[in-house]
Every structure is written in structure tokens, then in C-alpha cells.
Amino acid sequence: MIISADNLGIGIDQVPYQRFEYLKYPVLIGEKEYRESETYSASWLLERFVKEKITAKSSSLSRAEMTDLIEKNVNNYDLIIQVVMGSNMSAATFNIAEEVKEKFKDLIPVINIDSRQVVGGIGAVLLRLIDIIKTTDDDETIKKQAGELVTNTFSYYVTPDLNYLNRGGRIGKAKALLGSVLRVLPVIGLMGDDPEGEIVPLGQGRTYKQVNSLIINSIREKMNENKAEDITVAIISGDESNRDAIDSLKKEFESSIPCKKLVYGKLHLVEAIYMGPGGYGISVCMK
Amino acid sequence: MINEIAEIRNAFDNISKYFWRHKEYVNRLNVFPVPDGDTGLNIALTIQGALANTPDNLPDNILPGEYLKLISDNMLINSRGCSGVILSLFFEGMTEVMASNDFSKENILKAIENGCLAAYHGTDNPREGTMLTLMSEFKKKFSEIMPAKENPVEIIIDCIPHLKDVLDKTPDMLPVLKQAGVVDSGGAGFLILLEGLEREFNSRKVPETLPLFAALKINSVVKKLLVKRSLRKKRSITGTLVQNLGAGNISNARLHNIVHNVQQYLKNRTHNHSNRYPAREALIKNTKEFESSWNPDISYRYCTELIVSSDNDIDSQALKEQIMNYGDSLIISGKGKTYKIHIHTNKPESVIKDISLFGNIIFRKVDDMKKQHRNFISYDSIEYEKEQSVFCIVSGEGFKKILESLGADYVYDYGKRKPSVKKLVDLLNSLKSKNIIAAPDDGDILMSLKYAASLCKANVFIVESKNAISLISMLMGKTDEINKTNFLFRDRINNIKHFMVSKAAKESSVDGVAIKKGDYFIISGGKIFLSGKELINVAAEAINKLLIDESIITVYKGLHVKGNRLAAGLKIKFPGLDVEEYYGGQTQYHYYITLE
């Protein structure tokens with residue numbers, strides 16, 4: 001069984017695995033807590049950001065919910081794999097996953113995979129992991145191959161307003177891109193081969209065309225660096241109101257990068273907090 | 001040597017003043033019809049910087065060749081713009097040869113030849129029709145006139161008419177000069193300096209200076225005369241020669257005294273038998289001292305300067321005793337808790353170590369005098385605080401802020417005066433960074449930057465950017481991985497489509513475009529391609545010609561632009577595009593306009 005959360009950059013219905021469960025991140029607007037639903041979606045939050053100038057934040061996954069989920073399934077499976085967001089991005093969530101693993105250690109083996117990723121990147125690791133477990137059920141082999149997936153997964157995001165990421169305390173080294181005198185579109189990333197697992201600045205542009213080219217060039221460079229001939233899986237997702245820019249990235253990616261599987265994903269409520277209005281990105285796995 | 005050094009200094013000061021009076025003429029010889037050419041200013045500041053940084057309180061025994069070398073070292077380090085650097089290289093090459101203190105016409109020719117070589121070798125893509133051509137013609141003409149004249153300064157002056165002809169022909173060699181209807185500004189500057197030399201030479205009322213090689217020869221002859229037995233004869237050819245030397249014409253005070261005393265000695269020797277030998281010995285000693293003062297051999301190689309500071313009073317006597325045996329020319333100045341020490345030594349490290357026993361060394365500088373290594377082979381240590389930095393050199397406060405906000409670690413706003421090599425070295429060193437990516441907004445700064453890079457302590461990767469937009473383009477791709485991506489910086493500088501708008505200060509025809517005085521004209525890709533009376537119309541026409549599928553027009557206003565007339569006009573003319581306006585503050589162009 002695989003467990004993850006609603007920050008995959010893809011819809012839950014896009015996960016091609018029967019034995020998959022997921023938890024929802026709590027989203028706080030003022031004192032009130034929200035969870036992803038048909039009403040409370042990413043587009044709902046993004047619209048409120050623009051119209052009402054609200055601020056939102058997320059908290060870590062609930063320990064109780066995670067415990068309940070495993071408890072409920074402990075007798076049905078012989079292995080649980082949790083694909084967790086980057087431990088440097090949310091140490092609390094990863095620690096909870098580790099605590100729960102410890103709690104169930106005598107009942108069922110739990111593998112916690114630190115994806116070193118967020119939006120889209122976790123989804124890419126998850127989709128490739130599903131491919132792996134179709135070929136093996138050996139714990140150690142899964143751990144080893146999952147580790148390789150993590151270091152070969154890279155995410156690139158266009159975040160027109162970095163303040164959303166900054167307010168959430170997740171800006172990392174991309175802080176250098178804050179405060180530009182010019183109106184710019186920052187490009188940031190999460191590089192799986194970076195053990196620090198921090199958001200890094202990749203550049204900036206003035207137009208979506210420029211930043212999309214920058215992303216494509218960065219992916220190409222990474223492929224050269226890793227001697228990767230193609231991308232095994234890629235996920236594109238973002239604010240639907242910026243569809244032209246997202247489509248343009250998809251088009252440029254499809255025409256210039258060999259890719260076995262491209263998924264046009266979707267943002268969830270919790271992901272919208274950090275991407276902000278107009279934000280989008282692409283995550284690629286080269287393993 | 002003091003008199004000769006003072007005369008050289010005085011001559012340089014006068015030539016420098018002469019050039020300042022003509023710098024505006026040189027500035028106006030700009031190939032583009034913009035009002036702010038700065039070749040004249042760059043040359044003037046190069047010379048002024050050299051003189052200002054050449055100290056007055058030099059050792060008494062410094063020789064003219066060494067002094068000229070010192071000036072040339074300071075000229076290179078203070079050079080600005082291409083013309084300033086080329087001039088400095090030429091002078092550096094000359095003084096390398098003149099350091100031998102041989103000022104014969106033959107050696108001066110060698111010096112000019114070496115100067116030309118240095119200037120050509122030090123210039124990227126040397127082009128004819130520039131200052132280099134005048135230097136090369138100077139060499140040829142000097143060689144041609146040399147058999148007919150003795151005095152090298154006279155030969156130089158006789159070269160001037162020919163060089164004027166050559167300058168007039170520079171437009172035939174460089175089409176861009178012809179189009180602009182001007183002669184080469186750097187060449188004109190070089191000629192003005194020679195004219196300054198001519199003026200200085202003609203204004204001298206003092207007797208002709210004895211060439212140094214001749215002074216040495218006279219001293220040698222006098223010494224031989226005193227030592228040889230022939231002196232015992234009542235009459236000898238050499239004795240007669242020395243007695244008839246016009247001592248009044250010898251401007252070198254020391255040699256003047258030697259010759260004068262020997263003449264007195266020869267005149268009176270028959271009357272002073274009792275004092276004859278001691279007097280002769282004293283005179284021989286004088287000639288030997290004079291000779292040795294010209295000997296360029298340096299016993300102690302490193303000129304070492306330190307400042308030591310302590311929380312308690314420093315015992316200067318103990319300090320002196322600690323280091324006095326390491327060399328010579330020891331000077332200890334200061335009092336109380338801080339002392340400055342100067343010493344010539346072969347063991348600078350031992351000196352530094354011993355002095356550190358007395359307190360903290362807050363400054364140290366070690367110059368290899370033998371190599372005359374531009375005073376920069378020094379131990380003045382830099383403690384690196386950063387692994388890497390991006391350093392931009394730009395004109396305009398607005399651009400400074402923009403570039404800083406885009407991630408440049410340091411931006412130097414030079415306003416209207418381009419930075420000297422020395423300034424750039426200081427700035428590069430002040431970054432305290434092991435690796436520096438340095439990029440200017442003007443091609444004219446590149447040469448200075450290259451020399452600065454060779455003199456500073458960091459590894460400097462120069463991005464050959466030529467305008468402020470290139471710097472923005474470069475920084476858009478900045479990441480933290482400079483070592484991996486420094487070549488990407490270079491590759492990115494041309495990523496933003498742009499052009500410049502300026503106003504013609506004079507009527508001209510450039511690149512096939514006729515421009516009237518007061519017209520606005522557009523420069524794109526280094527060429528003028530449009531001009532017209534109405535600013536908005538000219539800019540809009542340029543945009544229409546260059547626009548393909550861009551969506552943002554950005555206007556960067558220059559220092560002297562008031563209001564937002566252009567941006568507002570473009571918004572009306574291009575309603576489907578975003579028009580943004582920022583303050584650049586540049587002095588060279590009224591506007592930079594980008595299409596993205």
C-alpha cells in the first residue's frame with residue numbers, strides 16, 4: 001500500500017494504483033481550517049488571493065489521521081510505503097511519518113520516502129515508484145530504487161509573486177530573487193540531487209516565453225549532466241487562470257524534450273498557498 | 001638626481017595641463033553624434049592619475065629611468081577607457097627600455113618600438129586608423145629623421161607634422177570615422193600630448209640638459225683622468241678636454257660639482273703640492289659614488305612597508321634593533337601604539353614575522369623592486385569572505401538599483417567618469433571574493449577591466465558586455481552555481497532585444513543615416529539605423545521594425561530625461577503591448593528601450 005498526501009501536482013484520480021490512500025493537508029485562513037474539496041479548491045483560494053487579498057497557511061499532516069489510516073490497513077497489507085514531501089520543506093510532516101513508522105514497527109514494515117520535493121515533484125516520484133513496485137516486492141530493492149528516483153527528480157516553478165512562498169517560510173535560497181525593481185517572473189526549483197532539499201533560484205524573466213525557455217534549457221542541462229536520454233515521467237500543473245503560459249510550457253516541452261509519459265496535472269488547495277496566483281511548474285524524473 | 005626628477009615631473013605636469021585645455025576638442029571627436037564622448041577626459045584622467053599617484057618624496061638617488069618607469073606603472077593602473085589603456089601600454093613599453101637610463105636617440109627609438117609593440121599586443125583586435133596607427137607612424141618617422149639629428153626630443157618634435165598628416169588620413173582607414181566626419185579621437189589625443197612635449201621643450205629657458213649616458217661618460221673620463229698616471233704630466237689631451245668642459249651646461253648638480261672641483265683641482269694642482277694626493281683621492285671617491293648611484297643593481301630586492309599597531313606603546317628602538325639587519329633604507333615613523341616601517345630586504349617574510357611580535361600588522365605591502373612588477377607583487381593579503389561574486393560596472397543610479405535587485409553582489413555606478421584600472425582593482429579586491437564575474441556596461445571599460453583583473457587577487461571572469469541591458473539579460477539567468485554557469489553568463493548577454501535613443505549634438509551621416517542636429521536617432525547592434533525629429537515617432541518606427549512576437553516594451557530613462565512622455569506615447573501607439581517605464585539614470589543615452 002502507498003500513502004501520500006494532496007500535494008502531488010496531479011489529481012488523485014490520476015494515480016494509477018488501486019492500493020493508494022492519501023491524507024489532506026489542513027489549510028488555515030485566519031482561524032478557520034479548510035481541506036481540499038469540490039468547493040475549497042486551488043482555484044477558489046487563488047481567486048480569493050486576488051480579490052480579497054487574504055493570506056493562508058498550511059500546517060503539517062495530522063499525526064492522528066496518519067495513524068488511523070495505517071491502523072485501518074495494517075492487517076490488509078504486508079508493506080506500507082509513504083511518499084512524503086521534502087523533509088527540508090516540512091520537517092514536521094516527515095517527523096510525524098517517522099514517529100508513526102516507529103509506532104507500527106512490530107506490526108508492519110513502513111518505508112518513508114523523503115521525496116525532497118513538493119508540488120508535482122512528489123507526484124513524479126510517486127508515479128515512478130508505482131512502476132518500480134510492479135517489478136519487485138523486496139523492501140531493500142524498493143528503498144534503493146526509490147532513493148535513485150528521488151535524486152533524479154527535478155522541479156521547476158514559475159512563481160509570479162514570490163511573497164506567497166516567502167510568507168509560508170519555504171523560500172530558501174530563492175530569497176535572492178525577492179525585491180526586484182523590475183517586474184520579473186522568478187524561476188525557482190527543487191533539485192533532487194541537492195541533499196539540502198531547499199528551494200533554489202534558477203533565474204528570472206520578464207515574459208512567460210522567456211521563463212519557459214529558461215526552464216526547458218535548465219532541464220536540458222540537467223539531462224546532459226545526468227547523461228539522461230529521456231524523461232521517464234513529467235508532470236505539469238499550475239493555476240488554471242494562467243492556462244496560456246502553462247500550455248505554452250507544455251508545447252515547448254513536448255516539442256523539445258523526449259519524454260515517455262507527460263501528465264497534465266492539477267493544483268490542490270494546499271499547493272495554491274505557495275504557488276500563488278499565476279504560478280505553475282513542471283516536475284521531471286530522469287530515472 | 002633631485003633636479004632632473006623635478007624637471008621630469010614639471011614637464012609631465014605641464015603636458016598634463018596642456019592636454020586638459022584640449023580635452024574637450026578630443027571629446028567632441030566622437031564617432032556617434034552624441035554630445036558626451038569621453039576619450040579626452042579618459043586620457044586626461046589617465047595622466048592626471050599617474051602623476052597624482054607618483055609620490056614626491058622619493059629617495060634622492062632615484063634615477064630618471066626609474067622615475068619614468070614609476071610614472072608608467074601608475075599610468076597603467078590609473079588608465080581609463082581604451083585610449084587611456086593603449087596610451088599607458090605604449091608608455092609602459094617605452095619606459096621598460098628607458099629604465100636603463102640610456103637616453104640616446106638610438107635607445108629612444110628602441111623605446112618607441114617597444115612601446116608600439118606593447119600597445120599593439122595589449123589591444124584586442126588592434127585596428128588601423130586609431131591611436132595605434134599614430135604610434136606606429138611615430139616609430140617610422142623617428143627612425144627616418146634620426147640620422148640627421150642628435151637630440152631625441154628634437155626628433156620627436158620633427159615627427160609631429162607627419163603625424164598630423166596621418167591623423168587627417170584616419171577617416172580613410174576607418175569608415176566609421178569618415179561617416180561621422182571626424183578624425184580618430186585617441187590619435188588626436190596622442191598628437192596633442194606630443195604637441196605638449198614640443199611646447200614644453202620650446203618654453204625651456206634653461207641650458208640643454210646633458211643626456212644621462214653622456215653624464216656617465218664624462219664622469220668616467222674624469223675618473224680615469226684622476227686615476228691614471230697621465231695626470232702627473234703637466235699636459236694631457238684628456239686633461240685639456242676636462243678643463244674646457246662647460247660645467248655651467250651640466251644641469252646634473254652632482255656631476256656639475258665633480259667637474260667643477262676637478263677643474264679647480266687641475267688648475268691649482270701645481271700650487272698645492274702638500275694637499276694634492278688627499279684631494280685627488282676625495283675626487284676619485286666622488287666619481288665612484290656618482291657611478292655607483294647609477295648602478296641599477298639592487299642588493300635588497302623587496303621594498304617592504306608595514307604598519308604595526310598594538311594596545312600598548314611600542315618600543316621603537318627595540319623594533320629597530322629587531323629588523324635593522326634584514327636590509328637597508330630602514331625608516332620607522334610614528335609614535336605610541338602605531339608605527340610605520342619601511343625597509344628594503346631580501347627577507348620580507350622574516351621582517352613581517354619579527355614585526356608581528358610588536359603588535360598587529362594592519363597593513364603590509366611588499367614590492368619586488370627588481371621585477372618592477374607594477375608594484376603589485378605584494379603580500380597584502382586578502383581574506384576571502386565569499387566564494388563567488390557578480391560585479392557590475394554601470395552608469396546610472398537607476399540601473400545600479402535594478403542590477404542589485406536582480407542579484408548582482410556589487411554594482412559600481414561610475415556616472416560619467418569611467419573607472420581607472422586602479423579603481424577597478426580596488427573594487428575587485430574589496431569584494432573579498434575568490435571568484436568574480438565582472439561585467440561592464442560599456443566596451444570602452446573592457447580593457448581597463450582586463451588589466452585590473454590581471455592585478456587583483458581574485459579569479460576574475462570578464463563578461464564582455466557592452467551596455468546596461470546586457471547586464472540585465474545576464475543577471476536574469478543568475479544562479480548560485482557560478483563555477484558551472486559562468487559561461488552561461490556570457491552567453492546570456494544578448495538575450496534581450498533592445499535599442500538606444502539619443503539626440504544628435506551635431507549634423508552627420510552615419511551608417512547611411514543622415515542626422516540633423518537636434519534629431520533623435522536610434523542605435524541598435526552598434527549601428528545607427530533611424531533618425532527623426534519627433535521622439536515618439538522615431539521610437540515607434542524602431543519598435544515596428546524590430547517587433548516580432550514580443551509582449552513587453554520597457555523604457556529605461558536616462559539621467560537628463562524629464563517626465564514620461566515617451567512611455568505614455570508608446571502606450572497609445574501599441575495598445576496591445578505592455579509598456580513599462582523605469583529610471584536607468586544613464587548619461588550616455590536618453591533612453592534604452594527593450595522588447596521582450
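The values are calculated or read from the model by the stated rules, or taken from the named source; none is laboratory data. This one's a predicted model, so the numbers in the text were calculated from it and none came from an experiment. Positions of Cβ are generated from backbone atoms using ideal geometry, with glycine treated the same way; all protein chains shown enter the neighbour counts. For accessibility, only protein heavy atoms count, side chains too; no ligands or nucleic acids. Shrake-Rupley method; radii C 1.70, N 1.55, O 1.52, S 1.80 Å.
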Filter the GluC sites (Glu not before Pro) in region A:158-262 to those in DSSP coil with at most 10 other Cβ atoms within 10 Å of their Cβ, and list the result.
A:E229
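How big is the Rg/Rh ratio for region A:106-225, C-alpha atoms only, Rh by Kirkwood, two decimals?
1.06
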Size of region B:541-584 along its principal axes in angstrom, Cα-based, largest extent first?
30, 17, 16
Two-site FRET efficiency, B:K228 against A:E148, from Cβ-Cβ distance with R₀ of 56 Å, rounded to 0.05:
0.05
Using Cα pairs under 8 angstrom and six or more residues apart, how large is the relative contact order of region B:55-129, in percent?
31
Provide the solvent-accessible area of B:K516, counting protein heavy atoms only and rolling a 1.4 Å probe, rounded to the nearest 10 Å².
130
Probe 1.4 Å, all protein chains in place: accessible area of A:T39 in Å², nearest 10?
90
Sequence gap at least 6, Cα distance under 8 Å: using those rules, report the relative contact order of chain A to the nearest whole percent.
24
Can you give me the solvent accessible area of A:V184 with a 1.4 Å probe, rounded to the nearest 10 Å²?
20
The distance between the Cα centres of region A:59-126 and region A:212-264, in whole Å, is 28
Give me the orientation-averaged projected area of the Cα convex hull of region A:233-287, in nm², one decimal.
3.8
Around B:L330, with a cut-off of 14 angstrom between Cβ atoms, what is the net charge of the other residues, counting Lys and Arg +1 and Asp and Glu -1?
-1
Tail beyond 22 Å, pair distance distribution of region B:61-158 (Cα, percent)
29
Using amide H atoms built in the peptide plane, which far-off residues or other-chain residues are under 5 Å from A:Y34 H to H?
A:V27, A:L28, A:I29
When only alpha-carbon atoms count, how far does region B:109-198 stretch along each of its three principal axes, as whole angstroms with the largest first?
42, 26, 20
Quick one: with all protein chains in place, what share of the accessible area of region B:492-596 is carbon or sulfur, to the nearest percent (1.4 Å probe)?
50
Considering the alpha-carbon set of region B:507-596 alone, what are its Rg and its Dmax in angstrom?
12.8, 36
In square angstrom and rounded to 100, what buried accessible area do you get between chains B and A, total over both, with the probe at 1.4 Å?
1600
Trypsin sites (Lys or Arg not before Pro) restricted to region A:141-226 and DSSP loop, no more than 12 other C-beta within 10 Å
A:R183
Average accessible surface area per residue within region B:537-596, 1.4 Å rolling probe, Å²:
46
So B:F201 and B:L117, fully extended at 0.36 nm per residue minus their Cα-Cα distance, gain in nm 27.6 nm
Give me the log10 of I(q) over I(0) for region A:1-127 at q = 0.10 Å⁻¹, as the Debye formula computes it from C-alpha points; what are the numbers?
-0.33
Positive minus negative residues near B:F190 (Lys, Arg vs Asp, Glu; Cβ under 12 Å):
-2
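From the mean inverse distance of alpha carbon pairs (Kirkwood) and the Cα radius of gyration, derive Rg over Rh for chain A.
Expressed as Rg/Rh, it is 0.95.
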10 °C / 1.306 mPa s Stokes-Einstein diffusion coefficient of region B:1-148, Kirkwood radius on C-alpha pairs, µm²/s
99
Once fully extended, how much extra length lies between A:D230 and A:R48, figured as 0.36 nm per residue of separation less the alpha-carbon to alpha-carbon distance?
61.6 nm
If only Cα atoms are counted, what is the Rg of region A:32-84, and what is its Dmax, in Å?
16.2, 49
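Per the Kirkwood formula on distinct C-alpha pairs, the Rh of region A:177-287 is how many angstrom?
14.6
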Quick check: the distance between the Cα centres of region B:82-111 and region B:150-164, to the nearest angstrom?
16
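What area, in nm² and to one decimal, does the C-alpha convex hull of the protein assembly as shown cast on average over all directions? Could you put the intermediate results ahead of the total?
On the way: hull surface 202.8 nm².
Average of the hull's projected areas for the protein assembly as shown equals 50.7 nm².
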Under the rule of -39500 (n - 2.57) per DSSP H run of 4 or more residues, summed and divided by the residues of the protein assembly as shown, what mean residue ellipticity at 222 nm is obtained, to the nearest 500 deg cm²/dmol?
-14500 deg cm²/dmol
With the convex hull built on the Cα atoms of region A:84-143, state its orientation-averaged projected area in nm².
4.3
Calculate, axis by axis, the spread of Cα positions in region A:191-238 along the three principal axes, and write the results as whole Å, longest axis first.
30, 26, 21
